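Only one structure is covered here, and it is reproduced in the block below.
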Amino acid sequence: MDSSKNHMIVEDGYNRGRDYIVDQVTQVTHWKGMWWKGEVEWREGLLERGARGVNHGIEQDGRVAILTINRL
């Protein structure tokens, strides 16, 4: 959220942010004269599901995206 909301995180913001980054990384992209594409491996059991110990008390689903970026 914007600064008028004291930079609070939107509902489901951690999951939505993670999923947005994964979506962007797994598309072929061009940067600094090179082509790149990411691969994602989803892991569970590395992060406890819920809001315990999570900043702002916002629940997250416990899924972890492990990203590998490859130069094409």
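Do you know which residues across the stretch 1-34 are outside any helix (DSSP H, G or I) and either of a type in the set (Ser, Thr, Tyr) or under 16 Å from ALA65 (Cβ atoms) (or both)? If the condition is that a residue be outside any helix (DSSP H, G or I) and either of a type in the set (Ser, Thr, Tyr) or under 16 Å from ALA65 (Cβ atoms) (or both), then ASP12, THR26, GLN27, THR29 are the ones that fit. Is it the case that LEU46 is over 12 Å from the mean Cα position of the chain (by Cα), under 26 Å from ILE9 (Cα atoms) and among the hydrophobic types (A, V, I, L, M, F, W, C)? Criteria met by LEU46.
With respect to the conditions (1) in contact (Cβ under 8 Å) with a residue 12 or more places away in the chain; (2) not hydroxyl-bearing (Ser, Thr, Tyr); (3) not in a helix (DSSP H, G or I), ARG52 lacks only one, and its number is (1). Condition check for SER4 on (1) within 14 Å of the chain's Cα centre (by Cα); (2) of a type in the set (Ser, Thr, Tyr); (3) modelled with pLDDT under 95: one failure, at (1).
A quick yes/no check of all residues on (1) at pLDDT 95 or above; (2) surrounded by 13 or more Cβ atoms within 10 Å (Cβ to Cβ); (3) at positive phi; (4) not in a helix (DSSP H, G or I):
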{"position": "TRP36", "(1), (2), (3), (4)": "yes, yes, no, yes"}
{"position": "GLU39", "(1), (2), (3), (4)": "yes, no, no, yes"}
{"position": "LEU46", "(1), (2), (3), (4)": "no, no, no, yes"}
{"position": "HIS56", "(1), (2), (3), (4)": "no, no, yes, no"}
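The values are calculated or read from the model by the stated rules, or taken from the named source; none is laboratory data. From a predicted model like this one, the values you see are computed outputs, not experimental measurements. Glycine gets a Cβ as well: all are built from the backbone with ideal geometry, and neighbour counts include every protein chain shown.
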